[in-house]
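The values are calculated or read from the model by the stated rules, or taken from the named source; none is laboratory data. Values in this document were obtained by computation on a predicted structure and should not be read as measured data. Neighbour counts are summed over all protein chains in view; Cβ atoms, including those assigned to glycine, are modelled from backbone coordinates with ideal geometry. Ligands, DNA and RNA are excluded from the accessible area calculation, which covers all protein heavy atoms including side chains. Shrake-Rupley method; radii C 1.70, N 1.55, O 1.52, S 1.80 Å.
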Amino acid sequence: MHAKKWNLAHLQLNKTFLFVDDDSAACSAAKRMARLFGVEVQTANSAISAISLLEHNPESYFLVLADEVMPGMSGTALLVEVKERWPYIRRALISGAENPEMLARGFQNAGIFKYIRKPMTDTDIRLLLEQACEEFLTKNVSFKDVVHERLSVMESTLNASLKHVSSRAL
């Protein structure tokens, strides 16, 4: 089966890819690679910084790629929070360590759609961006359907949170 070749430079997402890693060289590499494909990149050197960026302007992001091993909060823990608070943002994990338990937690708890092993390559970033954008690029799925689906997920999450808060108030 041949993978589709998307021209990301012509997509004009008007959205940003957030790369989270405490290694400044990795952040620079991610910026360089993603810009090759015409995608805006914001970097954060910690999970706390990433959460702050997301809190201030969540609608500007379409993807968060987080390193697993960072001081303070792991990439998986960050992506679990992103899933809970902003479920419409796609999530991916990167790590230099091959840890099956960590990967299982990432896929199960954080809902990641992709794992990248360090060191990442231009091809890794291109495939990540293509897969993150695929729902917008596939002609079988309209933008309206994607928005409706993501609003449904957000509504379900909000209702569950409200139910939890109201049960604690009683």
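Of all residues in the stretch 92-120, those being surrounded by fewer than 20 Cβ atoms within 10 Å (Cβ to Cβ), within 24 Å of Lys15 (Cα to Cα) and either without any contact (Cβ under 8 Å) to a residue 40 or more places away in the chain or charged (D, E, K, R) (or both) number 5.
Among the residues of the stretch 70-86, none qualifies, meaning not one is within 20 Å of Ala34 (Cα to Cα), of a type in the set (Ser, Thr, Tyr) and not in a helix (DSSP H, G or I). Just one of the numbered conditions (1) in a helix (DSSP H, G or I); (2) within 14 Å of Asp21 (Cβ to Cβ); (3) not hydroxyl-bearing (Ser, Thr, Tyr) is not true of Leu129: (2).
Residues that are within 20 Å of Lys15 (Cβ to Cβ) and of a type in the set (Gly, Ala, Ser) within the stretch 32-91 comprise Ala34, Gly38, Ala44, Ser49, Ala50, Ser52, Ser60, Ala66, listed in sequence order. Restricting attention to the stretch 116-125, the residues that are of a type outside the set (A, V, I, L, M, F, W, C), outside any helix (DSSP H, G or I) and closer than 15 Å to Phe19 by Cβ add up to 3. With respect to the conditions (1) aliphatic (A, V, I, L, M); (2) surrounded by fewer than 17 Cβ atoms within 10 Å (Cβ to Cβ); (3) modelled with pLDDT under 90, Val39 falls short on a single one, namely (2). Can you tell me which residue is surrounded by the fewest Cβ atoms within 10 Å (Cβ to Cβ) among those in the stretch 70-89 that are in contact (Cβ under 8 Å) with a residue 40 or more places away in the chain and touching a Gly at 6+ places or on another chain (Cβ under 9 Å)? Step by step, filter the stretch 70-89, then rank; the result is Pro87.
State the number of residues belonging to the stretch 44-59 that are modelled with pLDDT of 90 or more, part of a helix (DSSP H, G or I) and open to solvent by 20 Å² or more (accessible area, probe 1.4 Å).
Going through the stretch 44-59 one residue at a time, the tally reaches 7.
Step by step: first the residues of the stretch 45-69, then only those that are of a type in the set (S, T, N, Q) and touching a residue at least 12 places away in the same chain (Cβ under 8 Å), then the one that is farthest from Pro87 (Cα to Cα). Which residue is that? Applying the filter and picking the extreme gives Asn45. When the test is whether a residue is over 20 Å from Thr76 (Cα atoms), surrounded by 13 or more Cβ atoms within 10 Å (Cβ to Cβ) and at pLDDT below 80, Val146 passes it.
Looking only at residues in the stretch 30-43 that are in a helix (DSSP H, G or I) and touching a Phe, Trp or Tyr at 6+ places or on another chain (Cβ under 6 Å), the one that is nearest to Ile94 (Cα to Cα) is Ala30.
Check whether at least one residue in the stretch 45-56 is within 15 Å of Pro119 (Cβ to Cβ) and of a type in the set (A, V, I, L, M), and report yes or no. Checking the stretch 45-56: not a single residue is within 15 Å of Pro119 (Cβ to Cβ) and of a type in the set (A, V, I, L, M).
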